[in-house]
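Bear in mind that the values in this text are calculations on the coordinates, not laboratory data. Keep in mind that what you see is a predicted model, and the values were worked out from it rather than measured. All Cβ positions, even for glycine, are placed from backbone atoms using ideal geometry, and neighbour counts span all protein chains on display.
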Amino acid sequence: MKLARIYIVANTGKKGTRRTLAILKAWCSVKGIKAITVDAAPPYPVEPEGALIVALGGDGTVLRAAGLFSGYEIPIIGANLGSLGFLTQVRASSLTQALEGLVNGEGTVEPRMRIAYQAKDVSGSALNDVVLLGDGPTRFCELDLLDAAGEGIATYPGDGLIISTPTGSTAYNLSAGGPVLVPGTDCIVATPLATHSLGLRPLVFPGGIT
């Protein structure tokens, strides 16, 4: 992989982040790679060609980076400085070694599914999940799950519903009793929250059906 620039999204509240950031910038300087630290959604031109996003922190930092660059097809590598490491599979101490491997063509890019959503005047896409919750003090609601043709699949009475990608299946979905999906699979899972029915359980669907 020929790297020209690295966009860095860092959780500076994590212990060791500043040291890792300094080491990463020094490595970029030696390699002639432009290092760009990002704190907010890019108001500047982003150049995807030859670019890589490095997230320094935990899984939350990877998700934040994915959100900031949601409109661009740029690979993300996460360096784990936190306690959760489903998405950050590289230890911070091994980050430059992993980057050396990418530069030498030893790495592969694994595409991940995103979920598009639209609700009234809000729209976007999510790498992890979309959560639908009831309104009001009791949070109770009835949600109809439809397929792409508008046909009803199920009605969920309860506190809400989690629609999760394979990437997000290890997050809120897992805590709510949903299954873990293999990251590369083309499917999504709908997991009810505190459902008022014994017969309703998480459902897995092929991607694009709902």
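Here are the numbers for the structure shown:
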{"quantity": "Cα radius of gyration and Dmax for the chain (Å)", "calculated": "19.4, 60"}
{"quantity": "For region 115-206: rounded, prolate or oblate by the Cα gyration tensor [a/c cutoff 1.5]", "calculated": "rounded"}
{"quantity": "Integer Hz, Karplus 6.51/-1.76/1.60 couplings in order for region 106-115, x for Gly and Pro", "calculated": "8, x, 10, 9, 9, x, 10, 6, 10, 9"}
{"quantity": "Selection of trypsin sites (Lys or Arg not before Pro), region 72-168, meeting DSSP coil and at most 11 other Cβ within 10 Å", "calculated": "K120"}
{"quantity": "Burial order of peptide ranges 3-11, 28-36 (average beta-carbon count within 10 Å, highest first)", "calculated": "3-11, 28-36"}
{"quantity": "Helical contribution to [θ] at 222 nm, DSSP H n ≥ 4, -39,500 (n - 2.57), averaged over the chain, rounded to 500", "calculated": "-5000 deg cm²/dmol"}
{"quantity": "Computed E for L3/A148 - FRET, C-beta separation, R0 41 angstrom, nearest 0.05", "calculated": "0.60"}
{"quantity": "Loop-located chymotrypsin sites (Phe, Trp or Tyr not before Pro) in region 10-74 whose Cβ has at most 15 other Cβ within 10 Å (DSSP)", "calculated": "Y72"}
{"quantity": "Calculated FRET efficiency for the pair Q118/R139, C-beta based, R₀ 22 Å, to 0.05", "calculated": "0.50"}
